[in-house]
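This report refers to the structure that appears directly beneath it.
The values are calculated or read from the model by the stated rules, or taken from the named source; none is laboratory data. Computed from a predicted structure; not experimentally measured. Methodologically, a virtual Cβ is constructed for each residue, glycine included, from the backbone with ideal geometry; neighbour enumeration extends over all protein chains shown.
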Amino acid sequence: MTNKFGLIGKNIIYSKSPKIHRFMAEKLNLEMTYDLFDVEEEDLPKLVKQLRSGVFRGFNVTQPYKQTIIKYLDELTPKAKRIQAVNTIYIKNDKIIGDNTDYDGFIGLLLTHHIDVKDKHVYILGSGGAAKSAYIALSDLMANVTVVVRKITDETTFFNKVITYDQINPKKVDLYIQTTPIGTYPNVFDSVLHADYVKHHTVIDLIYNPPVTQIMKDSHLGINGLNMLIIQALKSEEIWFSRKIEWTTLLMNALKEVIYNE
C-alpha cells in the first residue's frame, strides 16, 4: 500500500518539497506519495483527523501553521516543545506527534557552509516558526543571538534579546539570519533591510526561491536556505520511515539539480 504524505501550508504552490520527496522515494524504493495542501486554518482539523484514521502517514507543516497546528496534536517531542513550533507530524502509539526538523536543517546548513557561530553576534530577522528553530539551534551552538522584529509584543518574550529594526547597529553584527518571507518569489526585489545594513556582512536567507534574493545580492556574502530545506526533508523521512539517511555531497547535489532544473 502506498504511504501518503504532504505539506500543509498557505500560498505554497511554489514549494519544492514534493520534488525532494518524490526523488527520495524513487532513490530509496519507498512506497510514498507527497502532495501540497494549500489550506485555510479551518481545514487543519480535517487533515489531522485523516492522519489519525490512517488516510495519511505524516505531514510537513510550513507557514503560517507551524505554531497553529500544535493545538491539534497529542504530543510534542522535547525539541518541538523547546522551539514551540512544528514542521513534521506523524502517528506513534496511536498518538499524533509534532516534531521539528527545521532545527536539524538549520544546523546542517551551517555545517555544510562551514560557518562557526560560537561567540558570534548573530541577528535573526523575524520571529516566526523558522526564527524560533534558528534561535534554539544558535543558542545550543553558543552564539550571542539578537532577534529583530517590527514591533515588540507579548509573543516575542520567547526570545531573550529582542530589538526593533531601527535599533540595529551593523557594526555589532557578525552574521544575519533572514527568516521572514520578504523577498520570496514573485516579490524578488523586496528586502527586509536596506543594502547599507548588509553590504559588509554575511547573510543567510532561509528563502530558496529565488536562489539569490535581494538581501543576498546586497550583502558581502549571501547564502540561501536550500541546504536547510533538503536536510529538514531528509530528517522528516528518517522519522516517518524509521531509517537513517546520509546526506552526502553527492545526494545533496543530486537533489539541488532536481529542485532547480527539473
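So, in the stretch 1-30, of the ones that are of a type in the set (A, V, I, L, M) and touching a strand residue (DSSP E or B) at 6+ places or on another chain (Cβ under 7 Å), which residue ends up surrounded by the most Cβ atoms within 10 Å (Cβ to Cβ)?
Ile8
Which of the residues that make up the stretch 99-113 are among the small types (Gly, Ala, Ser) and under 11 Å from the mean Cα position of the chain (by Cα)?
Gly105
Here are the criteria: (1) more than 17 Å from the chain's Cα centre (by Cα); (2) surrounded by fewer than 16 Cβ atoms within 10 Å (Cβ to Cβ). Tell me which single one His201 does not satisfy.
Result: His201 fails condition (2) only.
State which residue pairs qualify: first residue buried (at least 24 other Cβ atoms within 10 Å of the Cβ) and inside the stretch 75-87, second residue of a type in the set (Asp, Glu) in any location, beta carbons under 8 Å apart, and separation of 6 or more residues or different chains.
Short answer, once both residue conditions are applied: Ala80/Asp99; Ile83/Asp102; Ala85/Asp102; Val86/Asp99; Asn87/Asp99; Asn87/Asp102.
Considering only residues of the stretch 30-62 that are in contact (Cβ under 8 Å) with a residue 60 or more places away in the chain and part of a loop (DSSP other than H, G, I, E, B), which is nearest to Gly6 (Cα to Cα)?
Going through the qualifying residues, I end up with Arg57.
Might you check whether a residue that is touching a helix residue (DSSP H, G or I) at 6+ places or on another chain (Cβ under 6 Å), within 19 Å of His201 (Cα to Cα) and surrounded by 22 or more Cβ atoms within 10 Å (Cβ to Cβ) occurs anywhere in the stretch 123-143?
Among the residues of the stretch 123-143, at least one is touching a helix residue (DSSP H, G or I) at 6+ places or on another chain (Cβ under 6 Å), within 19 Å of His201 (Cα to Cα) and surrounded by 22 or more Cβ atoms within 10 Å (Cβ to Cβ), which makes the answer yes.
How about the stretch 63-152: which strands (runs of 3 or more DSSP E) wholly inside it have at least 2 residues that are assigned by TED's automatic domain parsing to the domain that holds Thr249?
Once the strands (runs of 3 or more DSSP E) in the stretch 63-152 are filtered for at least 2 residues that are assigned by TED's automatic domain parsing to the domain that holds Thr249, what remains is 88-92, 95-99.
Take the conditions surrounded by fewer than 17 Cβ atoms within 10 Å (Cβ to Cβ), over 16 Å from Gly9 (Cα atoms) and hydrophobic (A, V, I, L, M, F, W, C) and apply them to Val39. Does it pass?
So Val39 does not fit the description; no.
Among helices (runs of 4 or more DSSP H) lying entirely in the stretch 207-262, which contain 3 or more residues that are surrounded by 17 or more Cβ atoms within 10 Å (Cβ to Cβ) and among the β-branched types (Val, Ile, Thr)?
Result: 226-241.
Being surrounded by 17 or more Cβ atoms within 10 Å (Cβ to Cβ), out of contact with any Leu (no Cβ under 8 Å at 6 or more places or on another chain) and modelled with pLDDT of 95 or more is the filter here; which residues of the stretch 145-181 pass it?
Hits for the stretch 145-181 are Thr146, Val147, Val149, Phe159, Val162, Val173, Leu175.
Please find, within the stretch 13-39, the residue that is nearest to the chain's Cα centre (by Cα) out of those that are among the basic types (Lys, Arg) and more than 16 Å from Glu238 (Cα to Cα).
Among residues in the stretch 13-39 that are among the basic types (Lys, Arg) and more than 16 Å from Glu238 (Cα to Cα), the one nearest to the chain's Cα centre (by Cα) is Lys16.
Starting from residues that are within 20 Å of Asp174 (Cα to Cα) and among the aliphatic types (A, V, I, L, M), keep the ones in the stretch 208-234 and report whichever is nearest to the chain's Cα centre (by Cα).
That would be Ile223.
Any residue in the stretch 105-129 that is closer than 21 Å to Pro181 by Cα sitting within a Cβ distance under 7 Å of a residue that is among the charged types (D, E, K, R) and modelled with pLDDT of 95 or more? List the pairs, counting only those 6 or more apart or interchain.
Gly105/Lys235; Val122/Asp174
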